[in-house]
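Remarks on the structure that follows.
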Amino acid sequence: MEIAVNRNETTLTISPSGRVDTTTAPRLQAVINDNISGVADLIFDFKQLEYISSAGLRVLMSTHKTMKNQGTMRLVHVSEDVQEVFDMTGLTDIFNIE
């Protein structure tokens, strides 16, 4: 998995590519932890994301809780396969998916 990070003042865009699973989720969490301070608008760009496991969903849930206290969090460019995971888990009601 590759992770691109783009910060513009208080907007942070994190763009993982490949798979977020048990092996790669800790690295995604570390990237978030290293960059989330002072962020008011967090965008996850999933254009290149092929798969997300429950470990990846836990990272997103944890990040969502953090962002509820400091701003907004959006998921953009979600593929049909990844959207299906959010639909099956009921997380479409929690996350702002555009």
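Summary of values
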{"read-out": "Hits in region 80-97 - residues which are over 13 Å from residue 60 (Cβ atoms), out of contact with any Phe, Trp or Tyr (no Cβ under 8 Å at 6 or more places or on another chain) and modelled with pLDDT of 90 or more", "value": "80, 83, 84, 87, 88"}
{"read-out": "Residue within region 7-22 that is surrounded by 12 or more Cβ atoms within 10 Å (Cβ to Cβ), at negative phi, more than 13 Å from the chain's Cα centre (by Cα) and of a type in the set (Lys, Arg) present", "value": "yes"}
{"read-out": "Inter-residue pairs, beta-carbon under 9 Å, first at positive phi and in region 61-74, second surrounded by 15 or more Cβ atoms within 10 Å (Cβ to Cβ) and not in a helix (DSSP H, G or I), 6+ apart", "value": "71/39; 71/41; 71/42"}
{"read-out": "Residues of region 56-84 classified as under 17 Å from residue 21 (Cα atoms) and buried (at least 17 other Cβ atoms within 10 Å of the Cβ), total", "value": "7"}
{"read-out": "Test set (1) buried (at least 16 other Cβ atoms within 10 Å of the Cβ); (2) within 20 Å of residue 98 (Cα to Cα) - residue 40 fails condition number", "value": "(1)"}
{"read-out": "Per-region count, region 24-47, residues polar (S, T, N, Q), modelled with pLDDT of 95 or more and over 11 Å from the mean Cα position of the chain (by Cα)", "value": "3"}
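The values are calculated or read from the model by the stated rules, or taken from the named source; none is laboratory data. Values in this document were obtained by computation on a predicted structure and should not be read as measured data. Note that we place each Cβ from the backbone using ideal geometry, even for glycine, and neighbour counts take in every protein chain shown.
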